[in-house]
Amino acid sequence: MSSASDDLTTPLGTERKPRGPSLLARLPLGRIASGVAMTLAALIGGYLALVDDPSGGDPQVVVQIREGAPSAAPVPADPASGTAPQSGLALIQDMLPPGSGAGTTAAELERESGVSVTRPGGAGQPGALIIQVPQAEGTPPAPSGAVPAGELAPAPDPRLVERTRYGLLPRVGEDGATSARIYARPPTPMSLSESARVAILVTGLGISQSGTTRAVDRLPPDVSLAFAPYGGDLDRHVARAREDGHEVFLQVPMEPFDYPRSDPGPHTLTTEASVEDNRDRLHWVMGRFTGYVGVVNFMGAKLTGDAASLQPILAEIGGRGLAYVDDGTSSRSRAPALAAEAGMPLAVGDVVLDTVPDPDRIDAELARLERLARERGIAVATASALPMTVERIAAWAAQAEQRGVRLVPVSAALATPGG
């Protein structure tokens, strides 16, 4: 069949010739492949012989790999004792009671011991590692003039904290010291030409890293800052704010009227929760960072209007040596009256600067705040950390002293009934 088929497909008038080997078959493939391999080997060998660097100039770092966890850099021996000082981690562990601190994370260990660690990139010093170790228990408090002007007392002060499952919570010191006094920013004395004082509390810090940085950098130190409990890396943000001279407050989420449609966030204090549950939620919030003068409500129109629910909450806040700031957003709030009954430090916002987030309206509210301060001697405003609000406050503050108005921290406006 194959022969017949070939005959049918052969053109007429041609004579079929026998086929010889194809061109590909005649090529010496074996010798070609062998030659290519030898050539490549020679090139690679020559390159390595000349360069003597198999990495070919790629960026590289030579590190020494040792088995086990990384160790701290060698520390010179103490000439007096002949022994090297303890590592930073060992020092932190030694500050804890025997048996505590085992199996905890670095952040938990720092929080339990009261040691503040600012890691690379913080405190305005890229690459710096700053460790602040608090005074040992029983050390007498530093004299009032020991803190340089414009700086805040270090936090946490070991007199003012207790270790709990939620971290360090504030407490009244055995010597009567309180967070409301120790962590407050000392106000600058007023000059004879100044007749009015204005205190501004900017809230909502710690949620947005860029927004928090902008507020800390742009606002003058006498503007107080309130941090929400939900942000990441709160310890670092709070430490940075305090290093720049801003006293800080803690925002506590409280139930609004349309809760949970409007939800302040996890661990919200509510009118339906028991006293024990609300206290536990409050402790979780309080353990998020340290060094705050007091707390301020975050939303909470329903809770602050319910005296039965609010009274034990304020008692817990005041009993821990903290001040309370009512942000002035709810006319139904019972906080001023209840705080007065409890004898705890209290401030109430007279003006909310950015209820309407418009530059002209914010400027108008700042002018109203200034008028109230001239009438009363001091007035308090609250505002959010919106970029627009921060810029308008910064611009107003730059000219305030020329008009005889002194910007003071919110702690300067705290009133203690009977105190």
Task: Subset tally (residues that are surrounded by 23 or more Cβ atoms within 10 Å (Cβ to Cβ), touching a strand residue (DSSP E or B) at 6+ places or on another chain (Cβ under 6 Å) and touching a residue at least 60 places away in the same chain (Cβ under 8 Å)) for region 256-290 - done: 2
Open item on the list: Looking for something open to solvent by less than 10 Å² (accessible area, probe 1.4 Å), out of contact with any His (no Cβ under 8 Å at 6 or more places or on another chain), at positive phi and among the small types (Gly, Ala, Ser) - is there at least one such residue anywhere in region 300-312?
Closed with: yes
Task: Residue within region 288-301 that is part of a helix (DSSP H, G or I) and farther than 22 Å from SER210 by Cβ present - done: yes
Task: Among (1) farther than 28 Å from SER208 by Cα; (2) within 25 Å of the chain's Cα centre (by Cα), the one test that ALA394 misses - done: (1)
Open item on the list: Suppose we filter region 371-396 for residues that are in a helix (DSSP H, G or I) and open to solvent by less than 20 Å² (accessible area, probe 1.4 Å); how many remain?
Closed with: 5
Task: Residues of region 400-411 that turn out to be modelled with pLDDT of 95 or more and either out of contact with any helix residue (DSSP H, G or I) (no Cβ under 9 Å at 6 or more places or on another chain) or open to solvent by 30 Å² or more (accessible area, probe 1.4 Å) (or both), as a count - done: 3
- [ ] Return the residue satisfying two criteria in turn: it lies in region 164-208 and is out of contact with any Lys or Arg (no Cβ under 9 Å at 6 or more places or on another chain) and of a type in the set (S, T, N, Q), and of such residues it is surrounded by the fewest Cβ atoms within 10 Å (Cβ to Cβ).
- [x] SER193
Task: Subset of region 231-259 [in a loop (DSSP other than H, G, I, E, B), more than 9 Å from the chain's Cα centre (by Cα) and more than 18 Å from VAL293 (Cα to Cα)] - done: GLU255, PRO256, PHE257, ASP258, TYR259
TODO: Tell me which of these SER331 doesn't satisfy, since it passes every other one: (1) free of Cβ contacts under 8 Å to residues at least 12 places away in the same chain; (2) assigned to a helix (DSSP H, G or I); (3) not hydrophobic (A, V, I, L, M, F, W, C).
DONE: (2)
- [ ] Take region 140-163 and flag every residue that is at pLDDT 95 or above and surrounded by 14 or more Cβ atoms within 10 Å (Cβ to Cβ).
- [x] LEU152, ALA153, PRO154, ALA155, PRO156, ASP157, PRO158, ARG159, LEU160, VAL161, ARG163
TODO: Please tell me if ALA364 is modelled with pLDDT of 95 or more and within 27 Å of ARG181 (Cβ to Cβ).
DONE: no
Open item on the list: Checking the structure you have, find out if any residue of region 325-342 is more than 21 Å from THR203 (Cβ to Cβ), buried (at least 22 other Cβ atoms within 10 Å of the Cβ) and touching a strand residue (DSSP E or B) at 6+ places or on another chain (Cβ under 7 Å).
Closed with: no
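The values are calculated or read from the model by the stated rules, or taken from the named source; none is laboratory data. These numbers were taken from a predicted model, which means no experiment stands behind them. Every residue, glycine as well, gets a Cβ built from its backbone with ideal geometry; the counts of neighbours run over all protein chains shown. Accessible surface is based on the protein model in full, side chains and every heavy atom, while ligands, DNA and RNA are left aside. Shrake-Rupley method; radii C 1.70, N 1.55, O 1.52, S 1.80 Å.
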